[in-house]
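> Would you mind keeping the following structure in view while I ask a few things?
None of the figures in this text is laboratory data; all of them are computed from the coordinates on show. What you see is a predicted model; the values in this text were computed from it and never measured. We place every Cβ from the backbone using ideal geometry, glycine too, and count neighbours over all the protein chains shown.
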Amino acid sequence: MTNNNLICDMETGVCGVAGDEEMEMIDLNQPTKKIDLYYVTDPICSHCWALEPTLRRFTKQYGHYFNFKTVMGGLLEKWGGGPVDPANGIHGPADVAGHWREVGEHYRMPIDGSLMIDNPVQSSFPPSRVYKIIQKHHGEEKAFEYLRRAREDLFAFNKNIGEASILVEIVNGIGLDGEAIVKEADEQIGHDLLNEDFALTRSLGARGFPTIIMVNEENKGVKIVGGRPFEYFVAGLTQVLGEEPTPKQQPALAALLEEEKLLFAKEIEVMYDVNPNELQAFVEKELDASTFEEKELLGEKYFIK
């Protein structure tokens, strides 16, 4: 076969193959994502906090395959006279403290929990409504940033995210108008948006948190309930896609810390497949000493920008 790419056509003004059309439309956008991923969760869900390291790695490496949609599930409307979760021994707020501490120790995502004895969160609906207002006005990414900060404050730093003043602080901290957003969240629009999520939760068949549901164009998919290893989610995506997905490279630790502001040891270990005894050396190799501070909480190291 003759290579004519160096032949220039005087009529078309093209060196090489001109093609059939003088002018044609092209599309250089990324292909449309065919998978919808629903993350059914709640701001005060301890197992959702424990899932953060795995979920972050999954979205960073495979997020180009799916549209990520966070759905508020409504874990606690209010404390009543009877037990809320008797199967797990949860009869009142004080019972939550020990349960949370166990979850934190097991998954190595620190949870203080004493808040639920001294000044318990009375309902997860107010922080959920704030999520929905941020999502509506500022998009999924900003809302997810708020959710992360809220969980840090609740689980690690023992702040009551059911209180309006704490929610205002959190929203202000991500560069938005906390007073305005928390006020709007308590209006009818906040209640309506949250109820829409509750209806979606029911239609998805999600009864426990966290639940991850991945659905393809044919409305077929997989449901993964609870804190599962990273490989579970990759296997689920493979099944829904019908082919082996290609992961992106993990972001550099410096870039990740710049974005997240705070990372616990377990989050770094999961993201980069680092053994706990190798963590210190890895961090010192990846980060300039002047760019981060190392602290400790409940026996676990964490790093802040």
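> If you keep only loop residues by DSSP, which GluC sites (Glu not before Pro) in segment 159-203 have at most 11 other Cβ atoms within 10 Å of their Cβ?
GLU187
> About its Cα centre, how strong a charge dipole does the chain have in debye, to the nearest 20, once Lys and Arg get +1 and Asp and Glu get -1 at the Cβ?
1080
> Which one of ALA150, ALA235, ALA255 has the biggest mean-square fluctuation once the chain is modelled by GNM with Cα springs under 10 Å?
It is ALA255.
> Indicate, rounded to the nearest 5 percent, the antiparallel portion of the DSSP beta bridges found entirely in the chain.
75
> Relative contact order, percent, of the chain when contacts are C-alpha pairs under 8 Å separated by at least 6 residues?
21
> Now for a separate question. ASN67's amide H: which non-local residues (gap 5+, or another chain) put their own amide H closer than 5 Å, with H modeled 1.01 Å from N in plane and none for Pro or chain starts?
Under 5 Å from the amide H of ASN67 lie the amide H atoms of ILE35, ASP36, LEU37, each far enough along the sequence or on another chain.
> Amide H neighbours of LEU297 under 5 Å, at least 5 residues apart or on other chains, H built in the peptide plane: list them.
TYR302
> Now for a separate question. Rank GLY92, GLY226, GLY242 by mean-square fluctuation in a GNM of the chain with C-alpha springs under 10 angstrom and give only the top-ranked residue.
Of GLY92, GLY226, GLY242, the Gaussian network model singles out GLY242 as fluctuating most.
> Taking the Cβ of TYR65 as the centre, find all other residues whose Cβ is under 15 Å away and add up their charges (Lys, Arg: +1; Asp, Glu: -1). Walk me through the intermediate numbers first.
Details: positive: LYS33, LYS34, ARG57, LYS60, LYS69, LYS248; negative: ASP36, GLU217, GLU243, GLU244.
Summing Lys/Arg as +1 and Asp/Glu as -1 gives +2.
> If packing is taken as the average number of other Cβ atoms within 10 Å across a peptide's residues, how do 247-254, 95-102, 227-234 rank, most packed first? Walk me through the intermediate numbers first.
Numbers: 247-254: 14.0, 95-102: 18.1, 227-234: 16.0.
Highest to lowest by the protection proxy: 95-102, 227-234, 247-254.
> For segment 103-109, take each phi angle, set θ = phi - 60°, evaluate the Karplus expression 6.51 cos²θ - 1.76 cosθ + 1.60, and give the result in whole Hz per residue in order, putting x for glycine and proline.
4, x, 5, 5, 9, 6, 10
> Once the convex hull of the alpha carbons of the chain is built, what does its volume come to per residue, in cubic angstrom?
Spread over its residues, the Cα hull of the chain gives 217 Å³ apiece.
> Tilt of helix 230-241 relative to the longest C-alpha principal axis of the chain, in degrees (0 to 90, nearest 10)?
50
> I've got another one for you. Quick one: which of LYS78/LYS295; LYS34/LYS132; LYS33/LYS295 span more than 30 angstrom between C-alpha atoms? The partial results should precede the final answer.
Details: LYS78/LYS295 35 Å; LYS34/LYS132 24 Å; LYS33/LYS295 39 Å.
Flagged as over cut-off: LYS78/LYS295; LYS33/LYS295.
> Suppose we keep just the alpha-carbon trace of segment 97-215; what are its Rg and Dmax in angstrom?
For segment 97-215, the Cα-based Rg and Dmax read 14.8, 42 Å.
> Quick one: among ASP288, ASP186, ASP112, which has the greatest mean-square fluctuation in a GNM of the chain with alpha-carbon springs under 10 angstrom?
ASP288
> How would SER124, SER290, SER46 line up from fewest to most surrounding beta-carbon atoms within 10 angstrom?
By the 10 Å Cβ count, ascending, the order reads SER290, SER124, SER46.
> Let me ask you something else. Which ³J(HN,Hα) values, rounded to whole Hz and listed in residue order, are derived for segment 44-57 from phi using the Karplus coefficients 6.51, -1.76 and 1.60 in 6.51 cos²θ - 1.76 cosθ + 1.60 with θ = phi - 60°, glycine and proline given as x?
My calculation for segment 44-57 gives 9, 7, 5, 6, 5, 4, 5, 7, 3, x, 6, 5, 5, 5 Hz in order.
> Convert each backbone phi in segment 68-77 into a coupling constant with the Karplus relation 6.51 cos²θ - 1.76 cosθ + 1.60 (shift: θ = phi - 60°), then list the ³J(HN,Hα) values in order as whole Hz, x for Gly and Pro.
With coefficients 6.51, -1.76 and 1.60, one gets 8, 10, 8, 10, 7, x, x, 6, 9, 6 Hz.
> Further question on the same structure: Taking the dipole about the Cα centre of segment 253-304, with the C-beta of Lys and Arg at +1 and of Asp and Glu at -1, give me whichever of LEU297, ALA265, LEU287 is farthest to the positive side.
Checking the options against the dipole of segment 253-304, the answer is LEU297.
> Under the Kirkwood approximation applied to all pairs of distinct alpha-carbon atoms, what is the hydrodynamic radius of segment 253-304 in Å?
Evaluated over segment 253-304, this radius sits at 11.0 Å.
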